[in-house]
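Visitor: Before we start, here is the structure in question, set down as structure tokens.
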Amino acid sequence: MNTVEPIAGELFRFHVRSRSRPGEAWLVDIEENRCACENFTFRIAPKLDRGEPVERCWHLQQAREFFVDAIIELWSEKESIGQAGRRMAGNFIDELT
Ligand SMILES: [Zn+2]
């Protein structure tokens, strides 16, 4: 399983694999800055709800890094983008057109 997997037709939502539960993945939304994992749900979200500074769980960080890398590689027309990157690029182009 890729660490980060784009979701067809969704520009800002990804599945990011769980590190502690092999074979499972969490739904991550980088636009809303939300993740379905336990760390985010029980530790980070209550802080955000109290207006404390934004924190990101590992999954959010991975999804954001994947997103930025794919956009940069798409822009610079590199070939290293990979299949998951190409799927994300497809979502990106759909969003633009
Ligand atoms: Zn998470």
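Each reported figure results from applying straightforward, stated rules to the coordinates on display, with no laboratory input. Values in this document were obtained by computation on a predicted structure and should not be read as measured data. FYI the Cβ positions are ideal-geometry reconstructions off the backbone, even for glycines, and counts take in every protein chain you see.
Visitor: Hey, if you put +1 on the Cβ of every Lys and Arg and -1 on every Asp and Glu Cβ in the chain, which of 67, 18, 92 ends up farthest toward the positive end of that dipole?
Guide: Positive-most Cα among the choices belongs to 18.
Visitor: Okay, moving on. May I ask you to work out the translational diffusion coefficient for the chain at 25 °C, viscosity 0.890 mPa s, via Stokes-Einstein with Rh from the Kirkwood sum over Cα pairs, reported in whole µm²/s?
Guide: Values: Rh = 14.0 Å.
The Stokes-Einstein estimate is 176 µm²/s.
Visitor: Next question. Loop-only check: which trypsin sites (Lys or Arg not before Pro) in the stretch 1-63 are DSSP coil with at most 15 other Cβ within 10 angstrom? Could you put the intermediate results ahead of the total?
Guide: Details: sites: 13, 17, 19, 34, 43, 47, 50, 56; in loops: 19, 50, 56.
Filter output for the stretch 1-63: 19, 50.
Visitor: Taking only C-alpha pairs under 8 Å that are 6+ residues apart, what is the relative contact order of the chain in percent?
Guide: 28
Visitor: Shifting gears a bit: What are the residues whose amide H is under 5 Å from the amide H of residue 34, where those residues sit 5 or more places off or on another chain and H is modelled from the backbone?
Guide: 29
Visitor: Further question on the same structure: Determine the gain in length on full extension of the stretch residue 68-residue 29; use 0.36 nm per residue of separation and subtract their C-alpha separation, reporting nm with one decimal. Don't skip to the end; give the middle numbers.
Guide: Values: separation 39, 0.36 × 39 = 14.04 nm, distance 1.40 nm.
The span from residue 68 to residue 29 would gain 12.6 nm if fully extended.
Visitor: How tilted is helix 82-96 with respect to the longest principal axis of the chain? Cα atoms for both, answer in degrees (0 to 90, nearest 10).
Guide: It works out to around 90 degrees.
Visitor: So, one more: Counting GluC sites (Glu not before Pro) as exposed when in a DSSP loop with at most 13 other beta carbons within 10 Å, what is the longest stretch of the chain free of them? Mind showing how you got there, number by number?
Guide: On the way: sites that count: 24, 31, 32, 77, 79.
Maximal segment without exposed cleavage sites: 33-76.
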